[in-house]
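Visitor: Take a look at the following structure, please.
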Amino acid sequence: MRFACFGVMAGRLLLFLCVSVTLGHAHFPPGQRLKPRLQRDRRNIRPNIILILTDDQDLELGSMQAMNKTRRIMEEGGTSFSNAFVTTPMCCPSRSSMLTGKYVHNHNTYTNNENCSSPSWQRQHEPRTFGVYLNNTGYRTAFFGKYLNEYNGSYVPAGWREWLGLVKNSRFYNYTLSRNGVREKHGAQYPQDYLTDLITSESIRYFRSSKRIYPHRPVLMVLSHAAPHGPEDSAPQYSNAFPNASQHITPSYNYAPNPDKHWIMRYTGAMRPIHMEFTNVLQRKRLQTLLSVDDSMEKLYNMLVETGELENTYIIYTSDHGYHIGQFGLVKGENVRIFTGSTGSNGSNVLNIDLAPTILDIAGLDTPPDMDGKSILTLLDTDKPVNRFQVNRKSKVWRDSFLVERGKLLHQRVEGKEVSQEENFLPKHQRVKDLCQRAEYQTPCQQTGQKWQCVEDTTGKLRLFKCKSEGGGAKSFQRGVVGRQRPISIKSQLYLPDTDGCDCDLLRHFNRKCSILFNATVKCDTGVYQTLQAWKDHKLHIDHEIETLQTKIKNLREVRGHLKKARPLECDCNKYLYKSKLKNKLRLRGGGGGLHPFRKGGARDKKAWLLKEQKRRKKMRKMIKRIRNNDTCSMPGLTCFTHDNQHWHTPPYWTLGPFCACTSANNNTYWCLRTINETHNFLFCEFATGFLEYFDLNTDPYQLINGVSSLDRTVLNQLHVQLMELRGCRGHKQCNPRTPGGRAHGSFDDYRYE
C-alpha cells in the first residue's frame with residue numbers, strides 16, 4: 001500500500017488523519033474481496049474489528065517512514081485514501097467526533113476542556129457511540145489506552161465490556177489507569193509500566209480469552225496509544241534511533257512572519273536557533289515512540305494469524321489529528337492535516353466522522369440518522385456484480401466539500417462588542433442576515449432558554465437584540481411591559497407606555513426633545529431639525545451623556561474587579577443575614593408568587609456556578625504556580641510553554657538550557673470550507689474576528705500565500721453561504737454536499753445532498 005501525502009492547513013493548524021483498512025490476507029479470489037454484507041459467508045458474517053489510534057501523528061512529518069512493520073502489514077490487502085481529514089484539530093473534540101460520528105457543533109465538545117467528558121457528554125452523547133451500538137448487538141467490546149483528555153477514571157463509559165482507560169492526558173510512565181472502574185497507578189519501570197507495551201499485551205490477552213470462551217462472538221477492540229504525543233518517552237532500546245531525523249523540514253518550515261494571514265501568524269516571527277534545534281530533537285523523539293507502536297502492530301497481526309482470525313478481521317489504523325513542528329515559525333502544536341494512500345489509491349474525501357458509521361457498517365448495522373458521517377465501505381466495494389442490462393451504470397456520489405471547525409460562534413462578533421474586526425471581513429449586515437436565518441433567532445423572546453431575538457426595524461434592516469431573561473422580554477423596543485410586577489427601575493421607566501389614552505403608541509420621553517416609539521423608532525421635536533446648529537447641539541448632548549455613562553460603567557467595573565481580588569478567605573457568616581434582609585426586596589411585586597429571575601432553575605444554576613468556580617480555581621492555581629516558579633513565559637491569548645534540561649526524563653535528553661516559546665492561540669476560533677473535486681482544490685476560512693483566508697492548493701499546496709484578495713465579492717459571498725450551511729448541518733443527509741459537475745463556485749442552490 002502506498003501512503004500518499006496531502007497537506008491541508010486550516011488557519012495554520014495542520015490536520016492529519018491516516019486511515020488504512022485491511023481484511024484478511026493480501027490475496028482475494030476475484031469477486032470475493034469486500035463483498036456486500038448479504039454476500040459474505042454466513043458463518044463469518046460479523047467480523048472482528050480492531051481500531052488502532054495514535055495521538056498527534058502526522059504523515060507529512062515522515063511518521064510512517066519509521067513504521068516499516070505497520071506499512072508492510074497494511075499493504076497486504078489494505079486500502080487507504082489519498083484525501084483523509086479530521087474536522088477539528090484538537091484531541092478531545094476529534095476523539096468525540098470519532099466516537100459519535102458527529103461534527104463538533106453537534107456534540108458540543110469544542111476544546112480539550114469545554115464539555116470534554118463532562119456530565120453533559122456522559123448523559124447526551126456517550127450512550128450513542130459506536131461501542132454502545134456494537135455492544136448491544138452482541139460484540140465483545142474492549143477499550144485500552146487514552147480515552148478523552150478530561151476523563152477522570154471514576155466510571156466506565158457505556159458500551160465497553162472490558163475497560164482499561166487512561167486517566168487524563170497521554171503519558172508513558174507514572175500514570176493512572178481505570179481498570180473496569182477501579183483506579184490503578186503505574187510507575188516508571190520498563191516494560192511493565194510502559195503504556196504502549198502494557199495496552200498491547202492486555203488487548204492480546206483479552207482477544208485470546210474472548211475467542212477461547214466465546215469462539216463465535218465477534219470482538220471490537222480499540223487500542224488508543226499515547227505515542228507520539230508528549231512527553232515523548234521512547235522505549236530504552238530505541239533511544240538512539242533516527243539520529244539525523246529531518247522529515248519535519250518542509251517548505252513551510254520556519255516560514256515567518258506572514259503579514260497576509262490571521263493575527264497569530266502575523267505575530268509569530270522566525271524561530272531562533274535554539275528553537276530550531278529543539279524541533280530537531282522533538283522530531284527524533286516522536287519517531288522513536290512510534291517504533292513501539294510498530295512492534296504493537298506486528299504482535300497484533302501475529303496474534304490474529306495464530307488464532308485463525310486474520311481473514312475475518314478488519315484492522316483500522318488512524319490518528320486523532322496531526323501536528324506541526326516548526327511550520328510557519330510555530331515551534332510545535334496540534335494541527336489540521338489530511339492524507340491517505342493505498343494499493344489502489346482512492347481519492348475520495350474521507351473524514352474522522354466517517355469512522356463510527358464505517359464500524360457500524362462492518363458490523364452489519366445501519367447508520368443512525370443523527371450521525372453526520374458516512375460509511376466508507378461503499379467506496380471499497382469495487383467488485384460488486386453489475387447488472388448486465390444496465391448500460392449506463394450510475395457512479396457513486398460522494399462528498400466533495402466538508403467543514404473544518406474550531407471553536408463556537410460568539411455573539412459579540414455580530415454585536416460589535418470587544419472583538420476587533422480585521423481588514424478583509426464580510427459586511428456586518430451580511431453576518432447578521434445569516435444569523436437571522438436560524439430558527440432560534442426568529443421567535444419572540446418567550447421561549448425557555450432563548451437569549452437572542454432577531455428584529456426588523458422600519459428601514460428593513462435586521463438587528464439582533466438580547467433577551468432580558470430566559471422566559472422572554474427582548475432588549476429591543478417592541479416589548480410589552482404594561483403588566484410587569486417587578487420593582488420599577490430607572491431603566492424600566494424609559495420604556496413604560498403612556499397610559500393617558502393616547503393612541504400614538506408613544507413611549508415616555510428619553511430626554512426633553514426625543515421620544516421612543518413601540519416600533520423601535522425614535523421621534524424628536526421639530527425644533528431639533530430646524531437648523532443644523534440645533535441638530536449638532538442635541539447630538540453633542542447625547543454623545544456627552546453616553547460618554548458620562550460609559551465612564552461610570554468603567555469605574556464600577558474597576559471597583560468590582562477590586563472587590564473580587566480582595567475577597568476574604570474565611571467565611572463571613574454575616575452575609576447570610578444581609579441576604580435575608582434583602583430577600584423581600586428581590587422578589588417580584590404583586591401576588592404572583594414567582595421567583596426572582598436570579599433564582600430560576602436553582603439546581604441548574606448551581607451546577608453552572610460550580611463549573612465556573614472550578615474553572616476559576618484551576619486558573620488561580622496555574623497563576624499561583626507561575627508566580628512561585630517565577631514563570632514569565634506567558635502571553636495574553638497565546639499558548640506558551642517553558643522547556644528546560646529537566647523536561648525529558650528519558651534519553652535523548654535536552655542539554656541546551658531553558659527557553660520559552662508560544663506555539664498557538666488558545667482563542668483561535670474559525671470555520672473552514674474544504675473542497676476537493678475534479679476541478680478545484682481549495683480551503684476557505686472565516687475567523688471569529690471576521691478575517692478571511694483562501695488558499696488554492698492546486699497552485700499553493702503548502703498554503704504560503706493568502707489568496708483571498710484575488711476573489712471578487714460575489715465568489716466570497718457564495719463561499720460564505722456554503723460555509724454557513726455546513727456550520728448548521730445535522731445528520732449525514734445534510735452534512736455531505738456534492739457540487740454537480742465539479743463546480744466549486746456555483747450557487748449553493750446547485751448543491752445536492754446524499
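Visitor: Inspect the range 267-289 for any residue being on the phi < 0 side of the Ramachandran plot, of a type in the set (A, V, I, L, M, F, W, C), surrounded by fewer than 22 Cβ atoms within 10 Å (Cβ to Cβ) and part of a loop (DSSP other than H, G, I, E, B) and give the result as yes or no.
Guide: The answer is yes, given that some residue of the range 267-289 is on the phi < 0 side of the Ramachandran plot, of a type in the set (A, V, I, L, M, F, W, C), surrounded by fewer than 22 Cβ atoms within 10 Å (Cβ to Cβ) and part of a loop (DSSP other than H, G, I, E, B).
Visitor: What tally of residues in the range 60-84 results from selecting those that are within 22 Å of T663 (Cα to Cα) and buried (at least 24 other Cβ atoms within 10 Å of the Cβ)?
Guide: 3
Visitor: Still on this structure: Look through the range 106-120, keep the residues that are in a helix (DSSP H, G or I) and surrounded by fewer than 22 Cβ atoms within 10 Å (Cβ to Cβ), and return whichever of them is nearest to the chain's Cα centre (by Cα).
Guide: Ranking the qualifying residues of the range 106-120, first place goes to N106.
Visitor: I would also like to ask the following. Could you grab me the full set of residues in the range 198-209 that are among the polar types (S, T, N, Q) and crowded, with 21+ Cβ neighbours inside 10 Å? So that I can check it myself, show each step before the final result.
Guide: Taking the range 198-209 first, the residues among the polar types (S, T, N, Q) are 200-201, 203, 209.
Within the range 198-209, T200, S203 qualify.
Visitor: Something else: Here are some residues: Y151, Y139, Y155. Which one is under 30 Å from P47 (Cα atoms) and in contact with a Leu (Cβ under 7 Å, 6 or more places away or on another chain)? Spell out how you get there, then give the answer.
Guide: Numbers: Y151 fails: in contact with a Leu (Cβ under 7 Å, 6 or more places away or on another chain); Y155 fails: in contact with a Leu (Cβ under 7 Å, 6 or more places away or on another chain).
Matching residue, one of Y151, Y139, Y155: Y139.
Visitor: Kindly provide the set of residues from the range 63-93 that are farther than 18 Å from H321 by Cα, part of a strand (DSSP E or B) and of a type outside the set (S, T, N, Q), ordered by number.
Guide: G78
Visitor: Could you tell me whether the range 673-685 includes any residue that is out of contact with any helix residue (DSSP H, G or I) (no Cβ under 8 Å at 6 or more places or on another chain), under 29 Å from T87 (Cβ atoms), of a type in the set (D, E, K, R) and at pLDDT 90 or above?
Guide: yes
Visitor: Name the residues in the range 697-708 that are closer than 19 Å to P257 by Cβ and assigned to a loop (DSSP other than H, G, I, E, B), would you? Lay out the reasoning, then the answer.
Guide: Within the range 697-708, the first condition is being closer than 19 Å to P257 by Cβ, and the residues that meet it are 700, 702-708.
Selection gives D700, Y702, Q703, L704, I705, N706, G707.
Visitor: Going residue by residue through the range 270-284, is there one that turns out to be free of Cβ contacts under 8 Å to residues at least 24 places away in the same chain and under 14 Å from I705 (Cα atoms)?
Guide: Checked against the condition, which is being free of Cβ contacts under 8 Å to residues at least 24 places away in the same chain and under 14 Å from I705 (Cα atoms), the range 270-284 yields no hits at all.
Visitor: Filter the range 127-146 down to residues that are in a strand (DSSP E or B) and either more than 25 Å from the chain's Cα centre (by Cα) or surrounded by fewer than 22 Cβ atoms within 10 Å (Cβ to Cβ) (or both), then give me how many there are.
Guide: 3
Visitor: Can you tell me which residues in the range 689-720 are closer than 22 Å to F85 by Cα and either of a type in the set (A, V, I, L, M, F, W, C) or crowded, with 19+ Cβ neighbours inside 10 Å (or both)?
Guide: Correct list: L692, E693, Y694, F695, L697, Q703, L704, I705, N706, L719, H720.
Visitor: Residues being modelled with pLDDT under 70 and in contact with a Ser or Thr (Cβ under 7 Å, 6 or more places away or on another chain): count how many of those fall in the range 596-638.
Guide: 3
Visitor: Continuing with the same structure: Can you tell me how many residues in the range 295-318 are under 23 Å from F242 (Cβ atoms) and surrounded by fewer than 20 Cβ atoms within 10 Å (Cβ to Cβ)?
Guide: Here the count works out to 3.
Visitor: Identify, by number, the condition in (1) out of contact with any strand residue (DSSP E or B) (no Cβ under 8 Å at 6 or more places or on another chain); (2) in a loop (DSSP other than H, G, I, E, B); (3) at pLDDT 95 or above; (4) more than 17 Å from E202 (Cβ to Cβ) that N149 doesn't meet.
Guide: Answer for N149: the failing condition is (3).
Visitor: Sticking with this one: Any chance you could count how many residues in the range 167-181 are crowded, with 21+ Cβ neighbours inside 10 Å, touching a Ser or Thr at 6+ places or on another chain (Cβ under 8 Å) and in a loop (DSSP other than H, G, I, E, B)?
Guide: Adding up the residues that qualify gives 1.
Visitor: Would you mind finding the one in L360, L300, L290 that is under 30 Å from D644 (Cα atoms) and at pLDDT 95 or above?
Guide: So the residue among L360, L300, L290 that is under 30 Å from D644 (Cα atoms) and at pLDDT 95 or above is L290.
The values are calculated or read from the model by the stated rules, or taken from the named source; none is laboratory data. Please read these numbers as outputs of a predicted model, since none were measured by experiment. Neighbour counts are summed over all protein chains in view; Cβ atoms, including those assigned to glycine, are modelled from backbone coordinates with ideal geometry.
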